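Heads up: the structure comes next, in structure tokens.
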Amino acid sequence: MDASALGTFLQYLINGLTLGAIYGLIAIGYTMVYGIIRMINFAHGEIYMIGAFVAVTTFSLLASLGVTAVPLALLLVLLVSIFFTAAYGWTVERIAYRPLRGAPKLAPLISAIGMSIFLQNYVMQTQGSRPKPLAPVMNGGITLWNGDGFTLSISYIQLFIILLTLVLMLGFTQLIGRTALGRAQRACEQDRTMAGLLGINVDRTISLTFVMGATLAAVAGVLVTMYYGVIDFYIGFLAGMKAFTAAVLGGIGSLPGAMLGGLLIGLIEAFFTGYISGAYKDVASFSVLIAVLVFRPTGLLGRPDIEKV
Amino acid sequence: MATVALPTRLKDAAIAAGLALVLAIPFIGLFTVSTDQGLVVNSRWSWVAWAVGLVFAGRLLLGAGRDALAARANRKNNEHIDLTNHHKNNRILRGIAIGFVVFIVPVFFLIYGGASGIQIILALVICLLIGFFLDILGGFVLPALKKVDRSSVGTRLTRAFMVAALLFAVTLPFMPYSDRYIIDLGTTVLIYILLGLGLNVTVGLAGLLDLGFVAFYAIGAYSFALLSKFFGLDFWVCLPLSGLIAAGFGVLLSLPILRLRGDYLAIVTLGFGEITRIVILNWQGLTGGPNGVSGIPRPGLFGLSFERRPPEGMVSFHEVTGIGFSGEHRLMFLYLIVLALVCLAAWVINRLRALPVGRAWEALREDEIACRSLGINPTASKVSAYAIGGMMGGFAGCFFAARQGFVSPESFGFIESALILAIVVLGGMGSQVGVVIAALFIVMLPELGREFADYRMIVFGLAMITIMVWRPGGLLSTRVPTVKLDQKGA
């Protein structure tokens, strides 16, 4: 392999990691909700879209107020977006899923699809259907290697996305593994009735799970807004589907699985687009998913499901 | 349980209003507009005030209504302690009543359509009366023939509803109030009923979640489009072929997923739907990509064409019958074709339910391990469920292509799969009457609100949530067993 080919390979790797980090953040929301109440939260993609829209509004507002320092603006946007998106996540659970606890399995799924349709059209009506272009927030990058007619570079924004995702995922693993909330969450995942009998407020834990999922989705929304610079009310659907694929690929219900799945989907997309064709990149992701599920029916890191009679 | 005090309700409503305020600020209160200087933020605080006020009032009313209902139920419970049977009958009656109410929706819609309302209501009432009359008659005649009529009130009412609905459907295109628009809409409803019946086999009977059912619809449509484009085959040859091709894909899809369960199935089927759409979109040479395939021939009746100028080798319908040419004849003909398809599908599926394969589906839905230990082959059952369901989807697709004369990948997105699944679940899984009612609802609701075109999808999403919360098992949630043990011994 000559230097130029290696460079191209590394460039795709960087792009894939960035994309994978975003998918991973959204996938965690799917996987946690599935782990605790065994339902596919189809509206999660829309929650991420809401995060992105709040980010665009806040960025524009800050620009008109004259806040130009990038770190300050970024921090404010992240906080504001997390706050509002978490409120939406909480409300969605309260309205559409909590009344359906203990209902037949498909009822919450249909309710989630209804919620997804509602949120998409709500945002379209209130914010307009045209794409929202945002002036670049973070410019420039680091050139890692230059010569032989190609450059290998990583932009600041890519670096920021990868680092922030790493920090969040580490923090999150600690949160689930070490804190009382994490313990309650894992207990509810294993046996909700028993957890309730032992004095854990199950409803509150489930609500907080949705809030946590929405928090990560909001961060993903902010990052995507900065990365692509343009969003519309439809982005939630595709991203949601990819993230859901990632969660299943890694083994739904498993946190490290969601991160791994997200990275894999991001990498597959980047390499497939780079080396073969952009048009069929989703076919590639789904084919890999199907192939993995044929050999490991519960995903890469999922626990095998023991069926009891 | 005592009625909750007003201050509690007020506090509750205030919390809801506070939440509404938070939710409304970033979307209703603020919005961005694209200008030359980039995005500019505008505000509309009065809307926020309205939203918050509405939520406050709505929450208060909802709470009050709930209190009133609880108080009534409380009184009732004290009065009749043990009337379980009575309650069961009530539930069935209520289910039918709901079905009836939803069935009324098209009437309102027809009035909107400009037809004379009294005529329509009369037609509907007569249909229902005839249905009930036939049912009562059956109640007298059947016992005489078969000694005992074992069917319960619920099934008798369901049957009456079916008869009434069928009568209404068959006579619809010949009624004086039927215009182009109504027949066209009726055709759309029937296509969705056909799709719902197909998906009902996989999801409702066999219990296999399928989020990519639209793939079979697309495969059926493109089978016809391409077979007619490249080989010049006509609709009646392609209809069975499309069904078979779609069934073949159903078998293909079912193979990798035999070991998967529940939600893993969901994503794989969703992936299958997306793969189909993407391949159609990008395989320019075969499918024409985003431009689709046009010029699909219209179906004829035994060599009679419904066009003004029939294609070569065909005679036109209006010349043979001597009835003056009218574009509506073609629409009526299409409507009757799909109606016949729906009836055939419903009948075949009903018969299949009584066969070993159909019973195996339902047994599989209830308990896979028990099935296996009783010697039922789960592989064969799953494969056949996907094949039969896919075949119905293929028929619907073939008909869709014939009706539109044009197919493009746009018609086969994920939202279609979601709507078809919603029809099955909203109707009550496994219930064919439920599919009919839910299909009417899903197709009619967005049409009804055409004056509020902008907001109709918002209302649609909300309605889906509301129905699920209100009746989690679907509108007709009584699961009717195919085989019932007679208590006195068969």
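Data for the structure
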quantity: Rough spin-label spacing in nm, given labels placed 7 Å along Cα→Cβ, for B:Lys11 and A:Tyr234; calculated: 4.8 nm
quantity: Only Lys, Arg (+1) and Asp, Glu (-1) charged, at Cβ; the range B:180-470 dipole about Cα centre in debye; calculated: 380 debye
quantity: Listed residue pairs exceeding 31 Å between alpha carbons, taken from A:Lys132/B:Lys229; A:Lys132/A:Lys242; A:Lys132/A:Lys281; calculated: A:Lys132/B:Lys229
quantity: Mean Kyte hydropathy of -1.0 or more with a Cα span along the axis of at least 27 Å, helices from DSSP in chain A; calculated: A:3-37, A:44-65, A:70-92, A:106-127, A:156-178, A:202-228, A:255-275
quantity: Amide H partners (placed H, <5 Å) of A:Gly141, local residues excluded; calculated: A:Tyr156
quantity: Cα-based convex hull volume of the range B:6-76 per residue, rounded to whole Å³; calculated: 73 Å³
quantity: Prolate/oblate/rounded label for the range B:383-448 (Cα gyration tensor, a/c 1.5); calculated: oblate
quantity: Inter-site label distance for B:Phe406 and B:Arg372 at 7 Å from Cα along Cβ, in nm; calculated: 5.1 nm
quantity: Sequence of B:Cys398, B:Cys343, B:Cys371, A:Cys188 once ranked by neighbouring C-beta atoms within 10 Å, starting from the fewest; calculated: B:Cys343, B:Cys371, A:Cys188, B:Cys398
quantity: Burial ordering of B:Ser242, B:Ser381, B:Ser411, fewest other beta-carbon atoms within 10 Å first; calculated: B:Ser411, B:Ser381, B:Ser242
quantity: Model label zone, B:Trp283; criterion: amide N under 13 Å from point 7 Å along Cα-to-beta-carbon; scope the range B:190-215; calculated: none
quantity: Alpha-carbon centroid distance for the pair the range A:70-100 / the range A:6-65, whole angstrom; calculated: 13 Å
quantity: A:Ser153 paired with A:Val70, simple spin-label distance in nm, labels 7 Å along Cα-to-beta-carbon; calculated: 1.3 nm
quantity: Radius 15 Å from Cβ of A:Ser285, net charge of other residues (Lys, Arg +1; Asp, Glu -1); calculated: 0
quantity: Square roots of five times the Cα gyration tensor eigenvalues for chain A, Å; calculated: 32, 25, 18
quantity: Peptide-level mean, for B:367-375, of C-beta atoms on other protein chains within 10 Å; calculated: 1
quantity: Size of charge dipole - chain A - debye, nearest 20, with Cβ of Lys, Arg +1 and Asp, Glu -1, no other charges; calculated: 820 debye
quantity: The range B:182-290: proportion of alpha-carbon pairs further apart than 16 angstrom, %; calculated: 64 percent
quantity: Contact order relative to length of the range B:180-470, as percent, for alpha carbon pairs under 8 angstrom and 6 or more apart; calculated: 39 percent
quantity: Percentage relative contact order, the range B:6-76, counting C-alpha pairs under 8 Å, at least six apart; calculated: 38 percent
quantity: The range B:238-246 - phi-based ³J(HN,Hα) in whole Hz, Karplus 6.51/-1.76/1.60, Gly and Pro as x; calculated: 6, 4, x, 4, 4, x, 5, 4, 4
quantity: Sequence-separation-based contact order of chain A, relative, with Cα cut under 8 Å and 6+ spacing, percent; calculated: 36 percent
quantity: Partner chain coverage, peptide A:279-290 - average Cβ within 10 angstrom; calculated: 5
quantity: Per-peptide average of other Cβ atoms within 10 Å, ordering A:37-46, B:32-41 highest first; calculated: A:37-46, B:32-41
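The numbers here are math on the coordinates, done by the rules we state, and not lab data. All values reported here derive from a predicted model rather than from experimental measurement. Don't worry about glycine lacking a Cβ; one is built from the backbone with ideal geometry, like all the others, and counts go over all protein chains shown.
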